[in-house]
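Student: The structure follows.
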Amino acid sequence: MTNMTPFKALPTELLIEIFSLVPGTDDPLVAITLASVSARWREVVLSSPTIWQSIFLDNSRPISASTFQILLWLRHSNPLQFDVHLTTSDSTSILPLLSPLLDPERRMRWRYFSLRGPGTREEHFDLSGYSAAPFDILRFCIQDTSNVDWSPSYMRTFTPGNESCGHFAMNIWAPELWVPSPSVILPFPAITIAEVTIPTQPHLLLQFLSACPYLDAFSLAGRLHHDNRPTLPLPVIRLPHLRTLRLVSTCITRSFLSSIDAPSLNALYLGQLNVDFELNNRPAEPEDGDSDDEAQDFSPFPFKRPCNWGRPSAPVAEIQPAIENAHYGLERYAHERLRLRFLSPAAPRRLLHRGI
């Protein structure tokens with residue numbers, strides 16, 4: 001014992017090396033604990049970015065507390081890269097916990113990501129080779145995750161695009177949409193939401209998109225269900241950069257389009273709206289007719305005409321320029337109960353519809 005060197009006699013370089021190995025052992029806030037031991041330790045911890053490079057997150061604390069931790073660790077680890085280790089029992093918390101790290105400038109410093117839970121889910125991903133690739137796409141699948149098989153390679157939180165695309169996609173599977181606070185900004189220019197097993201409500205969708213001011217393209221693949229009329233007025237959200245909008249298999253079209261202000265919108269895709277069953281877009285197989293038509297006084301076709309109900313006569317209709325024709329085109333081809341109101345002064349310059 002007499003030959004042991006006390007901590008106060010250790011050189012600063014050795015203290016930094018020891019402290020760098022401590023984070024993540026038991027306490028995710030261990031750096032703050034070390035800084036509270038003594039004045040010297042506090043000085044060493046606050047002046048050493050390597051001690052703050054590992055950010056450990058979980059869903060046991062409020063999101064606001066985790067956000068404060070992230071911002072503190074990012075400030076003290078600057079300009080070094082950082083690693084994120086996330087442990088959660090609820091898939092709904094993944095996007096809220098990671099949202100402060102999605103900023104493009106912070107993304108360039110993100111080196112490594114690991115995820116444990118919920119259930120048997122476990123991921124490890126090295127982001128160091130993709131530092132120049134931004135998070136361009138968010139894919140959000142609304143579904144029950146209790147029996148999801150996480151083993152396929154595509155069931156990962158982050159998936160890189162090919163070299164020519166140069167982008168990163170973030171993939172979320174959760175039973176409900178997250179409602180961000182007003183201070184949260186999601187920087188994704190492209191978002192796809194798929195109601196796999198659970199439908200969402202218009203007000204939740206609008207509140208989620210209100211945190212996406214840079215949104216350029218949005219796609220909603222809905223789940224057909226009864227559209228209950230909202231009991232309270234829906235908020236109107238402004239999406240100044242939205243240019244492409246695609247709504248398929250959903251009953252909230254009227255509520256959604258009446259609540260967005262998108263002055264840059266120039267392409268609107270609609271399909272299978274306001275119906276309570278999946279439309280068959282495959283051509284019908286020919287069937288033998290009932291008449292031999294020996295006198296050729298009936299139909300000249302030897303078989304019945306294929307049914308084309310529920311599909312427009314033209315596969316794609318283009319309407320230009322726009323605002324007067326947009327209302328006419330939608331009301332002509334859509335279900336007679338569907339009435340749309342554009343809040344934007346500039347309506348779509350191109351209206352595409354399929355299977356309405």
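Student: Quick check on residue 145: is it modelled with pLDDT of 80 or more, surrounded by 13 or more Cβ atoms within 10 Å (Cβ to Cβ), of a type in the set (S, T, N, Q) and not in a loop (DSSP other than H, G, I, E, B)?
Tutor: No, not satisfied.
Student: Follow-up. Test residue 111 against the stated conditions and say whether it is over 26 Å from residue 176 (Cα atoms) and not hydroxyl-bearing (Ser, Thr, Tyr).
Tutor: Yes; evaluated as a whole, the condition is true for this residue.
Student: Among residues belonging to region 177-197 that are in contact with a strand residue (DSSP E or B) (Cβ under 9 Å, 6 or more places away or on another chain) and over 23 Å from residue 272 (Cα atoms), point out the one that is surrounded by the most Cβ atoms within 10 Å (Cβ to Cβ).
Tutor: Checked region 177-197; the qualifying residue surrounded by the most Cβ atoms within 10 Å (Cβ to Cβ) is 188.
Student: Inspect all residues belonging to region 106-117 and state whether any of them is part of a loop (DSSP other than H, G, I, E, B), among the basic types (Lys, Arg) and closer than 29 Å to residue 221 by Cα.
Tutor: No, there is no match, as no residue in region 106-117 is part of a loop (DSSP other than H, G, I, E, B), among the basic types (Lys, Arg) and closer than 29 Å to residue 221 by Cα.
Student: Anything in region 218-237 that is crowded, with 17+ Cβ neighbours inside 10 Å and at pLDDT below 95? List them, or say none.
Tutor: Selection gives 220, 221, 222, 224, 227, 234, 237.
Student: Could you tell me which residue of region 253-287 is modelled with the lowest pLDDT, considering only residues that are among the aliphatic types (A, V, I, L, M) and out of contact with any His (no Cβ under 8 Å at 6 or more places or on another chain)?
Tutor: Per the stated criteria, the residue is 284.
Student: Please determine, by comparing only the residues of region 198-208 that are in contact (Cβ under 8 Å) with a residue 40 or more places away in the chain and among the hydrophobic types (A, V, I, L, M, F, W, C), which one is surrounded by the fewest Cβ atoms within 10 Å (Cβ to Cβ).
Tutor: Applying the filter and picking the extreme gives 198.
Student: Restricting the search to region 61-97, which residues are touching a strand residue (DSSP E or B) at 6+ places or on another chain (Cβ under 8 Å), of a type outside the set (A, V, I, L, M, F, W, C) and more than 19 Å from residue 16 (Cβ to Cβ)?
Tutor: Those that are touching a strand residue (DSSP E or B) at 6+ places or on another chain (Cβ under 8 Å), of a type outside the set (A, V, I, L, M, F, W, C) and more than 19 Å from residue 16 (Cβ to Cβ): 66, 69, 85, 87, 88, 91, 92.
Student: Is there a residue being among the polar types (S, T, N, Q), in a strand (DSSP E or B), surrounded by 13 or more Cβ atoms within 10 Å (Cβ to Cβ) and on the phi < 0 side of the Ramachandran plot anywhere in region 40-55?
Tutor: Yes, that holds for at least one residue.
The values are calculated or read from the model by the stated rules, or taken from the named source; none is laboratory data. On a predicted model such as this, the values are computed, not experimentally measured, just so you know. Reconstructed Cβ throughout: ideal geometry from the backbone, glycine too, with neighbour counts over all protein chains shown.
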